[in-house]
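What follows draws every value from the coordinates through simple rules; no lab data is involved. Computed from a predicted model, the values in this text were never measured in an experiment. Cβ: placed from backbone, ideal geometry, glycine included. Neighbour counts: every protein chain shown.
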Amino acid sequence: MAAIGEPIRLGLLGIGGYAQQHLTTLRTLQDGGLCRLAAVADPFAERHPETVAALCTEETAILPDASALLERDDIEAVFIATPIPLHAPQSILALRAGKHVYLEKPPCATLGEHAEMVQAQEASGKRCVVGFQMQASPAMRYLKRRMVEGALGDLQTVWAAVRWRRDDSYYNRSAWAGRFFADGQPVFDGPATNALAHVVHAALFLAGETDTAWANLSRVRGVLQKARPIESYDTAYLEAETTGGARVRLVFTHATEHHDQVLIRCAGTKGTAEIDWSGRITVSPHSQPPQALHLSSQVQTAAVLDFLRAVTSPEHVPFTTVQDTRAYLQMVNGVCQSSGGAASFFPAERIEHHNAGTPQSHYRVTGLDDDIAAFRADPAVVPASLPAADSAAWLAVSRLSPHLECR
């Protein structure tokens, strides 16, 4: 344990992929005397020679695996930025080893894993925070406060539609990309459960009834579809109903030419509001001029600082605890189960394959881009390109399976 007045000593699991962002943030905070990155662990560290060389210069220990790092008594908190199948087991091991945990999103793949993580956190008495860092955004928290205060009246709908093209280089970056399972472990990779998981979680936050609460869901439904020949899905329609009667409706696709700015919209009985990922907010009460505001969107550092404060100040409640991600797991697991545990191919005649044989190879579905753009403007327009969306079976969250029953 760090002595009083000394910077907290940290460990990092993983140094590739998004872990590079964590390295940048932690180095900045280390330069400011707020923490000390004591060790990293990655069994494939040799794939990142420049990072290894820099860490050696910084006198950061480079360890072969998570166990070696977690055995160190001097490390108080661990950042986990490893592949999705490792999130649940590694966070549970870290908590049982007496470490605080900052876990990269998504927290895990299944409700069953989530329950085990919550149990481990509560038994350990340590903090376990999930890196859905948009909850550290001043813009997000301002809008939520306005909504709770009644700026929109009774909330009716929260919705978002995002087209994010992903090509072969994205799907070839790891063996688990585009998979439901990898080596027998649940992954559930796809836009709603990886690249755009932030949007799902943020929409559920906006649908919560108090300043700090996420939506309390009663039932969920949706469909999973794909244009790319993968095991999992590249397009999803997700819908949830809260116990207060509001709806959360989301459409995402990687099978597109576009890369949309993320925009979440909210509608209530007295007005509408929207927020984008750059921190721009517009609140539009009925019969009044719109109120526009632009706040900072630099959230990565804010989220890590919030975690460090929670670790050193027991009275501080962090932005997104592992318990706060339950609604997220209910929504995405519910959609998988509502879809019968499978992603259906779009009709072959509507699938276009562009730039085949190159790293930029990608898929597009005729009509889907226009349908998603229409839904982005009006959530009542369910995309016709997702024919099963409006007839998908509703599932009560109380009856959701804790497992990922995909086929």
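Comparing PRO64, PRO138, PRO289, which has the greatest mean-square fluctuation in the GNM of the chain with Cα pairs linked when under 10 Å apart?
PRO289
Hey, fewest Cβ within 10 Å first, where do LEU69, LEU34 land in order?
In increasing order of surrounding Cβ atoms, one gets LEU34, LEU69.
Tell me, what is the FRET efficiency for THR269 and ALA195 to the nearest 0.05, using R0 = 25 angstrom and their Cβ-Cβ distance as r?
Numbers: r = 33 Å, r/R0 = 1.33.
The calculated FRET efficiency here is 0.15.
Quick check: the distance between the Cα centres of segment 320-391 and segment 97-125, to the nearest angstrom?
So the two Cα centres are separated by 28 Å.
Report the semi-axes of the equivalent ellipsoid for segment 252-402 in whole Å, largest first, where each axis is √(5λ) for an eigenvalue λ of the Cα gyration tensor.
In descending order, the three semi-axes are 32, 23, 21 Å.
For LYS105, give me every one of the lysines with a C-alpha distance below 30 angstrom, ignoring sequence neighbours fewer than eight places off in its own chain.
Partners found: LYS126, LYS144, LYS226.
Using the alpha-carbon atoms, what tilt in degrees (0 to 90, nearest 10) does helix 84-96 show relative to the longest principal axis of the chain?
40 degrees
Could you grab the relative contact order for segment 8-133? Cα pairs under 8 Å, six or more apart, rounded to a whole percent.
Worked out over segment 8-133, it gives 24 percent.
With a cut-off of 8 Å between alpha carbons and a minimum separation of six or more residues, what is the relative contact order of the chain in percent?
Details: 872 pairs, mean separation 71.5, N = 407.
Relative contact order here is 18 percent.
Determine, at each q value in 0.12, 0.17, 0.24, 0.25 (inverse angstroms), the log₁₀ of I(q)/I(0) that the Debye formula gives when each Cα of segment 314-382 is one equal point scatterer.
The calculated log intensity ratios at q = 0.12, 0.17, 0.24, 0.25 Å⁻¹ are -0.64, -0.96, -1.08, -1.09.
So what's the angle, to the nearest 10 degrees on a 0 to 90 scale, between helix 368-377 and the longest Cα principal axis of the chain?
90 degrees
Kindly write out, for segment 243-252 in residue order, the coupling ³J(HN,Hα) from the Karplus curve 6.51 cos²θ - 1.76 cosθ + 1.60 (θ = phi - 60°), rounded to whole Hz, with x marking Gly and Pro.
For segment 243-252, the Karplus curve yields 5, x, x, 7, 10, 10, 10, 9, 10, 9 Hz.
Subtract the Cα-Cα distance of SER169 and ARG96 from 0.36 nm times their separation in residues, and report this length gain in nm to one decimal.
Numbers: separation 73, 0.36 × 73 = 26.28 nm, distance 3.66 nm.
Between SER169 and ARG96, full extension yields 22.6 nm more.
List, in order, the whole-Hz ³J(HN,Hα) value for each residue of segment 171-179 obtained from phi through the Karplus relation with A = 6.51, B = -1.76, C = 1.60 and θ = phi - 60°; use x for Gly and Pro.
Listing the rounded values in order: 6, 8, 6, 7, 6, 9, 4, x, 10 Hz.
For the pair VAL381 and ALA213, what calculated FRET efficiency results from E = 1/(1 + (r/R0)^6), where r is the Cβ-Cβ distance and R0 = 25 Å, to the nearest 0.05?
0.25
Can you work out the Karplus-derived ³J(HN,Hα) for every residue in segment 396-403? Use 6.51 cos²θ - 1.76 cosθ + 1.60 with θ = phi - 60°, whole Hz, and x for glycine or proline.
These are the phi-based 3J(HN,Hα) values: 5, 4, 5, 10, 5, 6, x, 10 Hz.
If you count the DSSP beta bridges with both ends in the chain, what percent of them are antiparallel, to the nearest 5? Spell out each step's value before the answer.
Details: 45 of 74 bridges.
Among the beta bridges of the chain, antiparallel pairing accounts for roughly 60 percent.
Can you figure out the FRET efficiency of GLN30 with ASP65, using R₀ = 25 Å and their beta-carbon distance, to the nearest 0.05?
0.60
Please list, in chain and number order, the residues 5+ apart from PHE79 or on another chain whose amide H is under 5 Å from its amide H, with Hs placed from the backbone.
GLY11, LEU12, LEU13, TYR102
Using only alpha carbon positions, build the gyration tensor of segment 8-133, then give the equivalent ellipsoid semi-axes as the square roots of 5 times its eigenvalues, largest first, whole angstrom.
Numbers: eigenvalues 107, 47, 35 Å².
Square roots of five times the eigenvalues give 23, 15, 13 Å.
Going highest first, how would you order 187-196, 222-231 by mean Cβ packing within 10 Å?
On the way: 187-196: 24.6, 222-231: 22.4.
Ranked by mean Cβ neighbours within 10 Å, highest first: 187-196, 222-231.
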